[in-house]
1. Which number in (1) more than 10 Å from chain A (Cβ to nearest Cβ); (2) open to solvent by less than 30 Å² (accessible area, probe 1.4 Å); (3) more than 15 Å from the chain's Cα centre (by Cα) marks the one condition that residue B:183 misses?
2. If we keep just the residues of segment A:60-118 that are assigned to a helix (DSSP H, G or I) and of a type in the set (Val, Ile, Thr), which is nearest to residue A:49 (Cα to Cα)?
3. Would you check which residues across segment A:73-89 are modelled with pLDDT of 95 or more and more than 16 Å from ligand 1 (Cβ to nearest atom) and list them?
4. Go through (1) within 14 Å of another protein chain (Cβ to nearest Cβ); (2) part of a helix (DSSP H, G or I); (3) crowded, with 23+ Cβ neighbours inside 10 Å for residue B:205 and report which single condition fails.
5. Show the residue pairs meeting these rules: Cβ distance below 8 Å; 6+ apart or different chains; first residue within segment A:186-207 and free of Cβ contacts under 8 Å to residues at least 60 places away in the same chain; second residue open to solvent by 20 Å² or more (accessible area, probe 1.4 Å) and outside any strand (DSSP E or B).
6. For segment A:119-153, how many residues meet the condition of being closer than 19 Å to residue A:180 by Cβ and either part of a helix (DSSP H, G or I) or of a type in the set (Val, Ile, Thr) (or both)?
7. Just to verify a result, which residue in segment A:40-72, among those that are at positive phi, in contact with a Leu (Cβ under 9 Å, 6 or more places away or on another chain) and within 16 Å of ligand 1 (Cβ to nearest atom), is modelled with the lowest pLDDT?
8. Give me the residue from segment A:3-22 that is within 13 Å of ligand 1 (Cβ to nearest atom) and crowded, with 19+ Cβ neighbours inside 10 Å and, out of that set, farthest from residue A:226 (Cα to Cα).
Amino acid sequence: MSVPIVLHFHDVSFSYPHLTVLEEVGFHVHEGEFIALVGPNGSGKTTLLKLILGLEQPKSGTIELLGQNPSKARVQIGYVPQHASYDPSFPISVLEVVKMGMVEARGRQPKEKLRQLALEALHQVELASLADRPYSDLSGGQRRRVLVARALASKPNMLILDEPAANMDKESEQRLYETLAKLKGKTTVLIVTHDMKRVSALTDRVFCIDAHKEGKVGRTVVQHMLEEEPDDGVKRILHDVEIPADQCRYPQEAGNE
Amino acid sequence: MSEFMGFFDALFSPDFPFVRNAFFAGVLSSVLFGVLGSVVTVKRIAGLAGAISHAVLGGIGISLYLSATGMVPNLSPMVGAIVFALLSALIIGTVSLKSKQREDTVIQAIWAIGMSIGVLFMAKTPGYTDPSSYLFGNILLISTQDLVLLLTLDVVVILLAWYFYPQIEATSFDEEFSQVRGIPTRLVFLVILAITAVAVVLLQTFVGIVMVIAMLTLPAGTAGFGAKNLVAMMVGSTLFALLFSFAGLVSGWVLDLPVGAMVVVIAGAFFLGRSVGHLIKMRRSR
Ligand SMILES: Nc1ncnc2c1ncn2[C@@H]1O[C@H](COP(=O)(O)OP(=O)(O)O)[C@@H](O)[C@H]1O
Ligand SMILES: [Mg+2]
């Protein structure tokens, strides 16, 4: 059985006007995989996600998302941004924030259906009891989980999360990973995390944006080996064991790329 | 008290059509102050709107000059105002999209250049032109044509706000996420800016160029404290704007003071009052 590729970077380079961020990035992700993306602050993780979502365009190379151009396919992605520009004086309830996850380019869906789906998504992150509270009443960690619910509301096949657990309290983080555990295998997950040493045990493969290729200014993406830790549900990243970024556990496909 | 009753006598008397026009201008303006003001507030583009409203003076000055010198006879100041408003909206909008970090500088530049052009052309305009009636509004100058234009814009704004409510709400709350959802966020932003530009021109007949921005933000800010969502904020701020406009009209009439300034002072006092009340409540609940 062949598992389709949902995300494919072909030799992608990207620069901001005065800063080369990524050079010769190539990797791919299969449907249903749980992928972690790690890298130091400012290495280009958020930038890479913006490329995946077609919010920025590569300088060279191509990106295929669900076999399409990213700006076409991105509506099918559930996205949890890193810095949701949040204005505490914006009048809005938790449920309405989640409903926004289903907003479309024009028009609107039936009220009752939106409400139903939004409540369902809030259940997934275990915050349904706060549905009618003002969004600004919530703690930072709860707001992050509401944004996860917003991303889940449209029932996406792929979830992209940008450092969702940064500055989160332990309880919120634990609940977040419980939510992700339930999605594992059914939904492709690409999660950016800030810890360079270990990742959640849910992780199938880990990519690092860290190294530079010889003679290059921008960083590239490499794949590292993961080692199961006996305790507390984490895997250790073996930084000294590098695997080619395009290698995966589905060799039949790696061959015919 | 007799002056107070005098206002209502005048309102219903056929001898004072300008009082009635002023009253209707207040009502029609309130819809824009409420609905558009809420959008301007949650999208945080009040600074951009401020620059547009002040730049309008340039268009007014040029129109008055062209008309008085006979180069373009009978050119209405409104025409120049609209041209300048849309032009400055286009410039500010483009800069804001292309390079966010230059936005502040461009806002200041458009603000100052627009006003200066207005002052220069008015200085060279034959006869007497008083910029202050444009800066602070002159409620007695409101014509039936102004009212029709205001009504038309009210209808347009309400229809757009109703039809595109989910998209307006989403782009105001989180622009990047909305873009991922397929909403043309840049187009939404530019359309809102263009409508704000036209609204500013029509609204300055009521409160004047300088104070339009106050009325686009103060009622919305006042309503924002208690509102549970954006619609509630729109409705609430429309009601507040109605209250402020009416109170301003009556007190301006009774005390024989400029109505535009009266409206803004009342709105400002209310906003500050509610801000203080809100702060005290927040302290207590902690
Ligand atoms: N819009 C931008 N314009 C110019 N430089 C940017 C922009 N956004 C990010 N950068 C720079 O690009 C680099 C990568 O940023 P980012 O992708 O946010 O890193 P990370 O998410 O890994 O912390 C950083 O040096 C950052 O300063
Ligand atoms: Mg980042």
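1. Residue B:183 satisfies all of (1) more than 10 Å from chain A (Cβ to nearest Cβ); (2) open to solvent by less than 30 Å² (accessible area, probe 1.4 Å); (3) more than 15 Å from the chain's Cα centre (by Cα) except (1).
2. A:75
3. Once the filter is applied, which keeps residues that are modelled with pLDDT of 95 or more and more than 16 Å from ligand 1 (Cβ to nearest atom), segment A:73-89 yields A:73, A:74, A:75, A:76, A:77, A:78.
4. For residue B:205, the exception is condition (1).
5. A:198/A:229; A:201/A:229; A:201/A:233
6. 20
7. Across segment A:40-72, the extreme among qualifying residues is A:44.
8. Top of the filtered list is A:14.
The values are calculated or read from the model by the stated rules, or taken from the named source; none is laboratory data. No experiment lies behind these values; they were computed from the predicted model shown. With ideal geometry, Cβ positions are generated from the backbone for all residues, glycine too; neighbour counts draw on all protein chains shown. Calculation scope for accessible area: heavy atoms of the full protein, side chains included, ligands and nucleic acids excluded. Shrake-Rupley method; radii C 1.70, N 1.55, O 1.52, S 1.80 Å.
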